[in-house]
Amino acid sequence: MSENVRELSFSGAVQEALAVAMENDPRVFLMGEDIGVYGGAFQVTGDLVHRFGEDRVMDTPISELGGAGVAVGAAVAGARPVYEFQFSDFASLAMEQIVNQAAKMRFMLGGKVSVPVVFRMPCGSGTGAAAQHSQSLEAWFGHVPGLKVVEAATPEDAKGLLLAAIEDPDPVLVFEHKLLYKIKGHVPEGHYTTPIGKALVRRQGKDATVVAAAIMVHKALEAAEVLAGEGIDIEVIDLRTIRPIDTATIIESVKKTTRLACVYEGVKTLGIGAEISALIAESEAFDYLDAPIMRLGGAESPIPYSPILEKAAVPQTDDIVAGLRNLVKGRI
Amino acid sequence: MSENVRELSFSGAVQEALAVAMENDPRVFLMGEDIGVYGGAFQVTGDLVHRFGEDRVMDTPISELGGAGVAVGAAVAGARPVYEFQFSDFASLAMEQIVNQAAKMRFMLGGKVSVPVVFRMPCGSGTGAAAQHSQSLEAWFGHVPGLKVVEAATPEDAKGLLLAAIEDPDPVLVFEHKLLYKIKGHVPEGHYTTPIGKALVRRQGKDATVVAAAIMVHKALEAAEVLAGEGIDIEVIDLRTIRPIDTATIIESVKKTTRLACVYEGVKTLGIGAEISALIAESEAFDYLDAPIMRLGGAESPIPYSPILEKAAVPQTDDIVAGLRNLVKGRI
Amino acid sequence: MAAKSATKSVEQGRNLRPFYANHTPEQLKEALRRMWLVRRFEEMAEESYIRGLTHGTMHLSIGQEASAVGICLELTDKDYITSTHRGHGHCIGKGAEVKYMFAEFFGKEEGYCRGRGGSMHIADPATGNLGANGIVGGGLPLATGAALAIKKRGSKDVAVCFFGDGANNEGAFHESLNIAAVWKLPVIYVCENNQYGMSVSTERSTAVKDVATRAAAYNMPGVIVDGNSIADVNEAMTAAMERARNGEGPTLIECKTYRTRGHSRSDRNRYRSKEEIESWKGKDPIPAFEDELMALGILTQADVEGVRAGVEKDIQDGFDFATKGTNPEPSSLLRGVYTTGDAA
Amino acid sequence: MAAKSATKSVEQGRNLRPFYANHTPEQLKEALRRMWLVRRFEEMAEESYIRGLTHGTMHLSIGQEASAVGICLELTDKDYITSTHRGHGHCIGKGAEVKYMFAEFFGKEEGYCRGRGGSMHIADPATGNLGANGIVGGGLPLATGAALAIKKRGSKDVAVCFFGDGANNEGAFHESLNIAAVWKLPVIYVCENNQYGMSVSTERSTAVKDVATRAAAYNMPGVIVDGNSIADVNEAMTAAMERARNGEGPTLIECKTYRTRGHSRSDRNRYRSKEEIESWKGKDPIPAFEDELMALGILTQADVEGVRAGVEKDIQDGFDFATKGTNPEPSSLLRGVYTTGDAA
Ligand SMILES: Cc1ncc(C[n+]2csc(CCOP(=O)(O)OP(=O)(O)O)c2C)c(N)n1
Ligand SMILES: Cc1ncc(C[n+]2csc(CCOP(=O)(O)OP(=O)(O)O)c2C)c(N)n1
Ligand SMILES: [Mg+2]
Ligand SMILES: [Mg+2]
């Protein structure tokens, strides 16, 4: 990892990863709607088209099934496409190519091809964009063998995970929470990767473990600070990879803290917290648990437009504080 | 419920439900690929086209997004469409209309419309149809507020749940495991419904609870019989509805048996067993648990073609027997 | 403006083009009023956005009012429309009241969607408006399905599907138009070709110059009209409705038009020139329609001013109504997810 | 048979239609051999199915061999194809060996997909065959993407996408053809129009009579050929390849043909008449090609019999090879799900 460390925004870090990848490997190119002169709906690709040209930063017609599928086909044929869904919600139009083709092709063909395609998936609520532009659908893809799914909480990981995804021989979905695009953080220069499949303990604690990803890592850390003032000591794990989940890191933490909370923005039912809960409940850590496994997930509703309701639909820091307080104090 | 009880196949029961619904309500009609003169890929619609005519049993072009979306639009506009996906795998082409439109429309429009559409979803492996025709994707839809998801294990429930789905004002996905189509069972004549959202204890037991749906109910019951010979007494719960899950029935059972196993054909990670495990691990039943919560789910691979591998990819009765034996005997 | 050529006086009734001959002065005045209402609603919405009263994003159709109103003029509350992310015009064209629209924008219970939908999902099922859509092309199968429901109940209503030039490259376009054609459904596909899908010109996104060319692939008529002429739009619509009602099936109408604002609030207009935008501002459909109405003697200058003043008042009243609206209770979040158990 | 009109002797070389003029007798003999190989492979596969040696379903292309072989004749291992559920012909056309195909059918490790894919996923990446597909239309974006990769690397190869008449109503068709046209990709879309998508005739599923009509919606040539004439098919292919290689973009070729077997093993042929099937059996592309080769003096009766005998042996050897194959170990289930950690 480079020594030279600067502050960069999350979206700047993503953009830098794309630039580094394109510089290092002529097979890498970008496809997506309005990623060229417009710079992307969230200005993530920015000026890359001017730097790398229209052949490598390709504005795609509004055709998600075709666009994603073309990326898959190009990957099988030796290219390294990075396809941006303008909002991850629109992957609902391309499930066929992602799930039936990209994810399964290597297996179905007896291991004779690889499908090194990357899908970038801006996700999450909080922007007032309502039900069809605010979903957190990580769980759908986490359920699909053949795919890998990553989701960074910091600019540093955003760059490192994306570079790892682009270099990975298999299809990787890279979720990016839209509310994180503007946060800033240290980002090493040049090339480095953050390993896929490894969670990170972002805060050590002894009273309870919180597992979260992306924006929920920040909310969990905030909640932990509040609770620290009350003498409650929370350990926060940043999942970083949704598939495959780093079970070992979570088990180790739960054995120490004896309490587990899963905090996630996606719909609670069958969301990523369900899997984490189940992984622990079936593991050797079960015997260490001193309390039920808490899940704080998104509401069982579409994301509403009203800002009041929108906030109510996903766990907020206060909810996490209250939930953890209860988890730790409720039973000793 | 009618008193008159006969034997009918599962597919015959589904067909009868469609016929009863069409007789009782002129707004009900069927759409799908090859459901007319061909009788459906699994001969479920059979001769219905001859009985109800081509206007009510409509062969649809091979256009799943359009076909499913046309059904959604017709439902909003007052019709009662039942759309058959030839294989539930092909719903991957129609996720947009199912998830962004059908599921969310009522909510997004402030409760001012209802979307009474039914999607029939033949699912599951065991037919040698390989990776793109054998998936069990219930979990995807179980994750989506606004949808209801049901899945019968018996011909009687197949008819009752489908009639309930057609009469429901909201979008319902009806999963039908292909290997069940030929099983026979008692099916009441005429009109009746099986309530959506209610699980059923199919076998009483005191040593452990198994929660399963569709074909896995049969395998669990078989396993329970084997274990009964060893003096192990298994309670088997037939889930019947995947969304909303009947948590109360499961909690009650687990409080009694103190052990829980979730058996499901879908991919283990983020499959329906993850949710059931998490529901119990966060519930008051947690304190009653005498062992980790066991999950027996589908392998982390696409469904392979080779019959040997295909069998290895989903839980078989022997696996359930071994798993349960271990669950019950492993710790007392 | 194609309509310019029809500057005949209203007395020469039989020489008027059909749009003017077949509508009463009251109807034409109402059409003008709706066009102004769309324009002023959007300008006020934009201002509200800048003032932080609304949330999220919004897509303004300023410059495209003629197609929305020209199409909807022929429809009753029993006819359906599906709209798009750029749907305020369709909504007002179809008869919505601006006060409930503002209330929706401000996230209030009084809004058309009780504050749950916002600009991208605004709808008014009571007037047959099945809603804007956040998914490009999302309305194409829905309108087709509504047309199927109409056909099944045997009424003479129609369904109209508005969509953009960008949407014409979605698979949903292909599948929907094919199904509608094969089943001869009473649906009218109205492509508002404003030359860009977000930043990408039709030339860079679409293999054919005119979207209407694609109608041939579905064996249906494809009609190109000047989308900035309400008369052109409406006459094409009338023909399409006749066809639909006669059981002859769908029509594709392409309205060539332009949005003079950016795609949405985040647009920096890097993909088009100032000159292009200015030249289209000169083709503004509203003053053109006003001029024509006056030239034909259908409305006087005073009538036109009266229309504008009335609109101004509606906008101000609507805005005031909405700002005083009720915020949703967080506890009501789950309301409307399902029909059953819905406490209304 | 359109080709019938070209019954000239091989000596009159310059008067021969291009298919015969531009291929050596050896090439033509190889084409005939492949057609027979497809036919006999499928008959043997069918028999194996009846004998319980294969599992699942299978879709036979008997009667359609001319399009598969006529197209693939022009391709090298560097050109890509994507195939369909009815893909045995494409696979053999592209150069696959039947022994590995049988092994795949029997679920053996020696199979092209190590027994993981079966009939619906059979593939041979080494010869550029990216695989059959269980999803109707699934190959359309894939082939388009392969063409993009070719264009990026700057070679003169092409990608061919086989698909059916039924697939032409999938959104993937529309999106793929549009993208290929806008980006001028070297891809050739070959629609094998066998008149039915499962049980539904094109008339009942497709708004236009000829799928090739739809090419106009993508501003690309749409060519209709007698799909039962290898010469017709191949000549259209040659032109399309030239276009692709010159950077002029995609072509849509529609091969009118027929499958004389049912859709799959579960088909009861309720949707078509015996007479229709019989009449198409009379247009069998293989004897027609043989007759023509002999009439032109390119092959003798003995040559033709030699071809058949050779095929018979390959089939028998392949079948024997496959039955002796290795069953996969259940413990190897996860192999190939991911590239990393894949023990090969
Ligand atoms: C399926 C989908 N893809 C992409 C988007 C993002 N998006 C919103 S509007 C738009 C442009 C649509 O262009 P067009 O159909 O021409 O309508 P216009 O905005 O010009 O009115 C895009 C790309 C979306 N909302 N849905
Ligand atoms: C997306 C999808 N929809 C439906 C099916 C089921 N199915 C398999 S083949 C087939 C017919 C395809 O027709 P066509 O494209 O004409 O090919 P043909 O079988 O005639 O060769 C259907 C409906 C499928 N496999 N995939
Ligand atoms: Mg546009
Ligand atoms: Mg066909």
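Any read-out appearing in this document is the output of simple, stated calculations on the displayed coordinates, not a laboratory observation. Computed from a predicted model, the values in this text were never measured in an experiment. As a convention, Cβ positions derive from the backbone with ideal geometry for all residues, glycine included, and neighbour counts pool all protein chains shown.
Within the set D:Y100, D:Y112, the sole residue that is assigned to a helix (DSSP H, G or I), hydroxyl-bearing (S, T, Y) and either farther than 28 Å from A:S63 by Cα or touching a residue at least 12 places away in the same chain (Cβ under 8 Å) (or both) turns out to be D:Y100.
Which residues, counting only those in segment B:193-218, are assigned to a loop (DSSP other than H, G, I, E, B) and under 18 Å from the mean Cα position of the chain (by Cα)? Lay out the reasoning, then the answer.
Residues of segment B:193-218 assigned to a loop (DSSP other than H, G, I, E, B): B:193-199, B:204-207, B:213-214.
Those that are assigned to a loop (DSSP other than H, G, I, E, B) and under 18 Å from the mean Cα position of the chain (by Cα): B:T193, B:T194, B:P195, B:I196, B:G197, B:K198, B:A199, B:A213, B:A214.
The single condition from (1) of a type in the set (D, E, K, R); (2) within 13 Å of chain B (Cβ to nearest Cβ); (3) within 22 Å of C:N234 (Cβ to Cβ); (4) surrounded by fewer than 24 Cβ atoms within 10 Å (Cβ to Cβ) that C:K108 fails is (3).
Looking at segment D:264-316, which of its residues are of a type in the set (D, E) and either within 30 Å of B:V49 (Cα to Cα) or within 16 Å of ligand 2 (Cβ to nearest atom) (or both)? Lay out the reasoning, then the answer.
Going residue by residue through segment D:264-316, those that are of a type in the set (D, E) are D:267, D:275-276, D:278, D:284, D:290-292, D:303, D:305, D:312, D:314.
Selection gives D:D267, D:E275, D:E276, D:E278.
Selection within segment D:199-223: residues that are within 10 Å of ligand 2 (Cβ to nearest atom) and closer than 24 Å to D:G70 by Cα. The member of this set that is surrounded by the fewest Cβ atoms within 10 Å (Cβ to Cβ) is D:T202.
When D:G117, D:G134 are checked against the criterion of being part of a loop (DSSP other than H, G, I, E, B), farther than 27 Å from B:E96 by Cα, more than 16 Å from ligand 3 (Cβ to nearest atom) and more than 14 Å from chain C (Cβ to nearest Cβ), a single residue qualifies: D:G117.
In segment A:94-119, which residue that is within 16 Å of ligand 1 (Cβ to nearest atom) and within 7 Å of chain D (Cβ to nearest Cβ) is nearest to A:L30 (Cα to Cα)? Explain how you work it out, then say what you get.
The first filter runs over segment A:94-119 and keeps only residues within 16 Å of ligand 1 (Cβ to nearest atom), leaving A:94-98, A:119.
Then drop every residue that is not within 7 Å of chain D (Cβ to nearest Cβ), which leaves A:96-97.
On the way: A:E96: 21, A:Q97: 17 Å.
So, considering only residues that are within 16 Å of ligand 1 (Cβ to nearest atom) and within 7 Å of chain D (Cβ to nearest Cβ), the one nearest to A:L30 (Cα to Cα) is A:Q97.
Considering A:A91, A:A13, A:A19, A:A68, the condition of being among the aliphatic types (A, V, I, L, M), within 16 Å of ligand 1 (Cβ to nearest atom) and more than 10 Å from chain D (Cβ to nearest Cβ) is satisfied by A:A91 alone. When C:E312, C:E290 are screened for being crowded, with 18+ Cβ neighbours inside 10 Å, within 18 Å of C:I62 (Cα to Cα) and of a type in the set (D, E, K, R), only C:E290 passes. The numbered conditions (1) at positive phi; (2) assigned to a helix (DSSP H, G or I) are all true for A:K256 except (1). Scanning segment C:46-63 for residues that are farther than 17 Å from C:E104 by Cβ and in contact with a Ser or Thr (Cβ under 9 Å, 6 or more places away or on another chain) turns up C:I62, C:G63. Restricting to segment B:291-317, name every residue that is away from every other protein chain (no Cβ under 12 Å) and out of contact with any strand residue (DSSP E or B) (no Cβ under 8 Å at 6 or more places or on another chain). Listed by number, the list holds a single entry, B:T317.
Could you please let me know if B:K112 is out of contact with any Gly (no Cβ under 7 Å at 6 or more places or on another chain), without any contact (Cβ under 8 Å) to a residue 12 or more places away in the chain, surrounded by fewer than 24 Cβ atoms within 10 Å (Cβ to Cβ) and not in a helix (DSSP H, G or I)? Judged against the criteria, B:K112 is a match. When D:A96, D:A143, D:A126 are checked against the criterion of being within 9 Å of chain A (Cβ to nearest Cβ), under 24 Å from A:G78 (Cβ atoms) and touching a Ser or Thr at 6+ places or on another chain (Cβ under 8 Å), D:A143 stands alone in meeting it.
What number of residues in segment A:224-248 are farther than 24 Å from A:Q135 by Cβ and either acidic (D, E) or surrounded by 19 or more Cβ atoms within 10 Å (Cβ to Cβ) (or both)?
Counting residues in segment A:224-248 that are farther than 24 Å from A:Q135 by Cβ and either acidic (D, E) or surrounded by 19 or more Cβ atoms within 10 Å (Cβ to Cβ) (or both) gives 10.
Evaluated against (1) within 13 Å of chain D (Cβ to nearest Cβ); (2) surrounded by fewer than 24 Cβ atoms within 10 Å (Cβ to Cβ); (3) of a type in the set (D, E, K, R), A:E7 falls short on exactly one condition, (1).
Taking segment B:263-275 as the range and being facing chain A (nearest Cβ under 8 Å) and either over 17 Å from A:P292 (Cβ atoms) or of a type in the set (A, V, I, L, M) (or both) as the test, the residues that pass are B:G266, B:V267, B:T269, B:L270, B:G271, B:I272, B:G273, B:A274.
When C:N193 is tested against the conditions (1) away from ligand 3 (no atom under 16 Å from the Cβ); (2) of a type outside the set (A, V, I, L, M, F, W, C); (3) under 23 Å from D:A215 (Cα atoms), the lone failure is (1).
Scanning segment D:297-344 for residues that are of a type in the set (A, V, I, L, M, F, W, C) and closer than 19 Å to D:M35 by Cα turns up D:I298, D:L299, D:A302, D:V304, D:V307, D:A309, D:V311, D:I315, D:F319.
Of all residues in segment B:150-163, those satisfying the criterion of being aliphatic (A, V, I, L, M) and buried (at least 24 other Cβ atoms within 10 Å of the Cβ) are B:V150, B:A152, B:A153, B:A158, B:L161, B:L162.
Rundown of residues vs (1) aromatic (F, W, Y); (2) within 30 Å of A:G12 (Cβ to Cβ), yes/no style:
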{"residue": "A:A94", "(1), (2)": "no, yes"}
{"residue": "A:R106", "(1), (2)": "no, no"}
{"residue": "A:K112", "(1), (2)": "no, no"}
{"residue": "A:F119", "(1), (2)": "yes, yes"}
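Please verify whether C:C91 is within 16 Å of C:G134 (Cβ to Cβ) and more than 13 Å from chain A (Cβ to nearest Cβ), treating the condition exactly as stated. So C:C91 fits the description; yes. Scanning segment A:48-57 for residues that are surrounded by fewer than 24 Cβ atoms within 10 Å (Cβ to Cβ) and either of a type in the set (A, V, I, L, M) or within 10 Å of another protein chain (Cβ to nearest Cβ) (or both) gives A:L48, A:V49, A:E54, A:D55, A:R56. Taking segment D:179-292 as the region of interest, the helices (runs of 4 or more DSSP H) fully inside it that hold 1 or more residues being of a type in the set (D, E), more than 16 Å from ligand 1 (Cβ to nearest atom) and within 14 Å of chain C (Cβ to nearest Cβ) are D:202-205. Of all residues in segment D:148-178, those that are facing another protein chain (nearest Cβ under 9 Å) and either within 16 Å of ligand 4 (Cβ to nearest atom) or within 18 Å of the chain's Cα centre (by Cα) (or both) total 9.
Conditions tested, residue by residue: (1) buried (at least 24 other Cβ atoms within 10 Å of the Cβ); (2) away from ligand 3 (no atom under 16 Å from the Cβ); (3) closer than 12 Å to C:F162 by Cα.
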position	(1), (2), (3)
C:Y80	yes, yes, yes
C:A103	yes, yes, no
C:T127	no, yes, no
C:T144	yes, yes, yes
